[in-house]
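Below is one structure, written out as structure tokens, with a few remarks after it.
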Amino acid sequence: MSSLAALTYSRTSRCNHPSTATAFFRPIPMNWSRKANRLLPMPPPSSAREKADQSLHHLQRELRLLQARIGLLRDDAEAALKAKATSVDANAHVQLGDYPWLKLAIATGAAFVAARAIRSLPFGVLLAGFAGHVSQTRRW
């Protein structure tokens, strides 16, 4: 039996979809059968066809468990992203006041325009300006 089949899922509160309902209960071992709401031991398979059918049933059950687990992980990731987005938005409002995303977009645009303007200047002009700045700071 694989390690996934041995897992017991304890998050029963998230069982809102029929396909995920099987993921919240301990999986039935491969050699047991559910008949009349009781678990009965199954006889060992006698033919290759029965072995193949039993193996197929086991793989389908594990696939359902994996799909349910992926669904839970997807829901958890979605909830975490929503919480993080809410936190980031609240922090932006605290730091920048009203319309923080507009202010951030304007600042980004201004930085882009300034970088373009500086890149269009010849290197000698920039070097002369920097040398002038250095000489002014030494005088202070």
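The values are calculated or read from the model by the stated rules, or taken from the named source; none is laboratory data. Keep in mind that this is a model prediction, so the values were computed, not measured. Cβ atoms come from the backbone with ideal geometry, glycine included; neighbour counts cover every protein chain shown.
A few comments on the model shown:
- Scanning region 43-96 for residues that are in contact (Cβ under 8 Å) with a residue 12 or more places away in the chain and among the aliphatic types (A, V, I, L, M) yields LEU65, LEU66, ALA68, LEU72, ALA92.
- Taking the listed residues LEU40, LEU73, LEU56, LEU102, the one that is modelled with pLDDT of 95 or more, surrounded by fewer than 11 Cβ atoms within 10 Å (Cβ to Cβ), more than 30 Å from PHE130 (Cα to Cα) and aliphatic (A, V, I, L, M) is LEU73, with no other qualifying.
- Given (1) surrounded by 10 or more Cβ atoms within 10 Å (Cβ to Cβ); (2) modelled with pLDDT under 90, index of the condition PRO122 fails: (1)
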